[in-house]
Structure formats: structure tokens, C-alpha cells
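Taken together, the values in this text are just the output of simple stated rules run on the coordinates, not laboratory data. As the structure is a prediction and not an experimental result, all values here were calculated from the model. Ideal geometry is used to build each Cβ from the backbone, glycine not excepted, and the neighbour counts take in all protein chains shown.
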Amino acid sequence: MSVQSAIRRKTAPDIRARKGGDPIVMLTSYHAHTASLVDRYCDVILVGDSLGNVMHGFETTVPVTLDMMILQGRAVMRGSEQALVVVDMPFGSYEASKEQAFHSAVRIMKESLCGAVKLEGGVKMAETIRFLSERGVPVMGHIGLTPQSINTLGSFRAQGREEGSWEPIEADARAVSEAGAFSVVIEAVAEPLGRKITEQIAIPTIGIGASAACDGQVLVLEDMLGLSPRAPKFVKRYGNLGPGIEAAIKDYADEVRSRAFPGPEHVYGMKPKG
Ligand code: KIV
């Protein structure tokens, strides 16, 4: 008897086919239980290397390892049913050669069971994207602001602010698309550039701080929920959960300290003495 689930999970070709169609809804998740919530409303769940900042308190994504990505990717796969799960390739796991990238991507896919990987870089990663795509690894590109390059960029500034600086970013978008990526994240670029790239390339663009002109949007879940101490300025907060969580923790701590928390008598049916 087949053990295949009745729910069909979205695939990279499904997302590729959404170019110019219904906007692609994407959020990050790193855990099974948030993945199960995100899965109800999103087409794509990104297990982003932003988990280095959000879960581990690192200043940048540079320290994130392949093992960290695989562990959280596995959790998100267990928590989700229908969304395409894309796992970020962390800094140092793919840049040295296309063969290194292939071995890392295969580990991610075999051990997490995710449906695709994401890597940063445009023209300089095109050969690698082609190599992976031709060997059964669906690749989502990531251009514009590429946070893994923070130590050479110097800061997390928006890219392509002046029209004169657009061409290299447009060339990156073309290169990623022509190399066979199924979609591309464009981070922190001005609206006219996001729009221009979206009109120019054949694959869906997924903006983060790149405007509604893109074919979809991605945000870091904790940023849009108001749980991150520092979120980029372009992020709209759809919730403000930080203060609510703190208030609940404070109530709990106050009740424990004053022995005022409910006992188990309503469960076991025994009244406390005295
Ligand atoms: O790591 C991440 O969460 C990302 C998004 C910011 C696109 O790459």
C-alpha cells in the first residue's frame, strides 16, 4: 500500500510557473511548530541562514554551518505539508567550487528532505547554479544585498540607490535566470530597479525590501511578528508579539514567586491540605 500523503507539496517547477501570475507568498521558519502555521498560508517556507541572527544571536550570518541548516531544515519539513521548503546554503559551503556546492546541496537535500536550496550571488555564481540545476538540485538565487558578503560590503546598505549603479544588479539577475535558477530573491533594492528586473527576467522575483512590483515577497517571520530586537527599516510589522511574550513570562514568574499559580487538584481531584 502506498504511504504517499494525500496533500501534494509544492515543487520548484510549480513556483517557477508562477512568473507574472498570483504573487508568491514566502516567509522564513526554523522550527516545526512555526512551520505548521506558516504552511497554512505560504507557498514557500525559507529556512534562512538568518537563523544565525534570530535563533543564535550572531551579528551576521557568517558563522552559520551546514549542520545548523540541515537540523532546522529537517524540523521545518516535519512541521509542514504543502509549502515548498527552501534551505539556505550557508557561507563557506558553496563558493569554493561547483563541486563543493553540489556536495553541500546534496547533503542538505538528502538529510533535510527539503525541495530546493538558495545561494547568494549573481554573475559569479552562475556556473555553479547551472551545475546544480542540471544535476537535480533546484536553486533559488539571491541578489542585491547579499548578507553573507557583509565583511567585504562593510554594511547592510540598500543596493542600487542611484540609477547609475543598476547595471551590475541587472546583470546578476539575468545571469541567475539564464543559469537555470527557478526563482530569485532580490534584497534591498529601490522599487524602480525591482520592477525593471521583474519585467526583464523569465523567472519569478521574490522581493525583500524590493517592492510589490516583484512576483512575490519574503520576510523573516520574527521581524514581521515584532519579535526581533532589530529589524530592517523596510519591514512592516504585522504583529507586536515581543511585549505580549514578556508580559506572560513576568506573570508566570510573579505567580511562582508568590506560590499563587494553580495546583494540579483540578486534574487529580484532590484538594490541597489546610
Ligand atoms: O536568511 C534569510 O532569512 C534570507 C532572507 C532574508 C531572504 O535569506
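Listed values, structure above:
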item: Peptide ranges 195-208, 235-248 listed from the most packed, as the mean C-beta count within 10 angstrom indicates; result: 195-208, 235-248
item: Debye intensity ratio in log₁₀ form over the Cα atoms of segment 1-152, taken at each q of 0.14, 0.17, 0.18 Å⁻¹; result: -0.66, -0.98, -1.10
item: Residue-averaged 222 nm ellipticity for the chain, from DSSP H runs of 4+ at -39500 (n - 2.57), nearest 500; result: -10500 deg cm²/dmol
item: The chain - convex hull of alpha carbons, volume per residue in Å³; result: 169
item: Partner lysines for Lys19 [C-alpha distance under 26 Å; skip if fewer than 8 residues away on the same chain]; result: Lys10, Lys118, Lys124, Lys196, Lys236
item: DSSP beta bridges in the chain [antiparallel fraction, %, rounded to 5]; result: 5
item: Over segment 207-274: Rg over Rh, Cα atoms, Kirkwood Rh; result: 1.34
item: Estimated vicinal HN-Hα couplings, Hz - segment 163-180 in sequence order (Karplus 6.51, -1.76, 1.60; Gly, Pro = x); result: 4, x, 9, 6, 3, x, 6, 5, 5, 4, 4, 4, 4, 5, 5, 5, 7, x
item: Local electrostatic count at Ala173 - Lys and Arg +1, Asp and Glu -1, tallied over other residues with Cβ under 14 Å; result: -3
item: Sum of side-chain charges, Gly52 neighbourhood, beta-carbon under 12 Å (Lys, Arg +1; Asp, Glu -1); result: -3
item: Positive minus negative residues near Met89 (Lys, Arg vs Asp, Glu; Cβ under 11 Å); result: -2
item: Karplus (6.51, -1.76, 1.60) ³J(HN,Hα), θ = phi - 60°, over segment 146-153, in Hz, Gly and Pro reported as x; result: 10, x, 5, 8, 3, 6, 9, 6
item: Karplus-derived HN-Hα couplings along segment 195-209 (A = 6.51, B = -1.76, C = 1.60, θ = phi - 60°), whole Hz, x at Gly and Pro; result: 5, 4, 5, 4, 6, 7, 9, 7, 9, x, 9, 10, x, 9, x
item: Alpha-carbon centroids, segment 145-178 and segment 1-66: separation in whole Å; result: 23
